[in-house]
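Q: My questions will all concern the structure given below.
Read-outs: derived from the displayed coordinates by stated rules, not from any lab. The structure displayed is predicted, hence computed values, not measured ones. Cβ placement follows ideal geometry from the backbone for every residue including glycine, while neighbour counts extend to all protein chains displayed.
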Amino acid sequence: MKQSLFTVEHTRQLTDETYEMVLSGDTSAITAPGQFVNIALPGKSLRRPISVANWDKGALLLLIRVVGDGTRELVRSVPGTELDTLSGLGNGFDLENCPKNPILIGGGVGAAPLFGLAGRLLERGISPTVALGFRTGKDAFYLKEFAGLGCRLFISTEDGSLGTKGFVTDLTRTAADCTTVFVCGPTPMLKAVWSLPGLTDGQYSFEARMACGFGACMGCTIETANGPRRVCKEGPVFRKEELVW
Ligand code: FES
């Protein structure tokens, strides 16, 4: 974990609720896709945990869903704003021993960490299938960006206004050859994916409510097969066999 100042370079509204933000700063503490940063905002006692969508040596890409005053204030930050940021938090996805055709499943803003993950898998010669689920077509974002990476991409929306009508778990039927999953989204979606019989191996990234964000308060603890584990410290990514529902 590293505390440093990141500078807002750019923000762009993607949907009614979702924004892209690029920050410049020292990304040396970030070691794996699926990790997150925790950003302090003036006048707010708690930092805001945001999943890292992608990063390089000096820049950080965040895809931020506005869920309250803090995140609304964050996405209104103008270029040049300096943000006190804890980076390199959480374990992230483990890319070792990944088979050649995993499926990446994202629900809503859970798509964010899958973007950096897909890019890094492709760099390793692994061709992921990406399945993204949204409530409506208006909520969908980063489709061109995922397609631009060269991924096989499937979309679902609950109202059928874009892609396949239904839930993102329905899309796994179109990728029946995949048995390994990397997934990020709300807990009911993670549970639904966990129950799919064809996905025998997987890494599940949780979106828990957090307070400290670095393991001190125990506020994000979930029960696992190995006992209580903190989503912010031992997670947010857990393997399928660790999960108990
Ligand atoms: Fe404090 Fe996880 S948020 S231990």
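Q: Is the C-alpha gyration tensor of segment 3-68 telling us rounded, prolate or oblate? Criteria: a/c under 1.5 is rounded; beyond that, a/b larger than b/c is prolate, otherwise oblate.
A: oblate
Q: Under a Cβ-Cβ limit of 4.7 Å, which cysteines in the chain have nobody to pair with?
A: Cys98, Cys151, Cys178, Cys184, Cys220, Cys232
Q: Now, a different point. So for each of 62-69, 108-115, 75-82, 139-146 I average, over its residues, the number of other beta carbons within 10 Å; can you give me the resulting order with the highest mean first?
A: The densest-packed peptide leads the list: 108-115, 139-146, 62-69, 75-82.
Q: Compute the long axis of helix 112-123 from its Cα atoms, compare it with the longest principal axis of the Cα atoms of the chain, and write down the angle in degrees, 0 to 90, nearest 10.
A: It works out to around 70 degrees.
Q: In whole percent, what relative contact order does the chain give with Cα contacts below 8 Å and a gap of six or more residues?
A: 18 percent.
Q: Still on this structure, please answer the following. Order these peptides, 47-53, 210-216, by their mean beta-carbon neighbour count within 10 angstrom, highest first.
A: Most protected by this proxy first, the peptides run 47-53, 210-216.
Q: Also, I was wondering about something else. Once the convex hull of the alpha carbons of the chain is built, what does its volume come to per residue, in cubic angstrom?
A: Each residue corresponds to 116 Å³ of Cα convex hull volume.
Q: Please label the shape of segment 81-208 as rounded, prolate or oblate, based on the square roots a ≥ b ≥ c of the eigenvalues of the alpha-carbon gyration tensor (a/c under 1.5 means rounded; beyond that, a/b larger than b/c means prolate, else oblate).
A: rounded
Q: Moving to a separate point now. Give the residue from Thr18, Leu114, Pro79 lying farthest towards the positive end of the charge dipole for segment 1-128; charges sit on Cβ (+1 for Lys and Arg, -1 for Asp and Glu) and the dipole is referred to the Cα centre.
A: Selected residue: Leu114.
Q: When a/c reaches 1.5 or more, the comparison of a/b and b/c decides; with that in mind, is segment 1-132 rounded, prolate or oblate per its Cα gyration tensor?
A: In terms of gyration-tensor shape, prolate.
Q: Quick one: if the Förster radius is 30 Å, what FRET efficiency do Phe167 and Lys100 give, using the C-beta to C-beta distance and rounding to 0.05?
A: Once the sixth-power term is evaluated, E becomes 0.70.
Q: Sticking with this one: Quick one: which of Lys2/Lys57; Lys2/Lys240; Lys138/Lys191 span more than 21 angstrom between C-alpha atoms?
A: Exceeds cut-off: Lys2/Lys240; Lys138/Lys191.
Q: For segment 58-82 and segment 229-245, what is the separation of their Cα centres, given in Å?
A: Using only Cα atoms to place each centre, the spacing works out to 27 Å.
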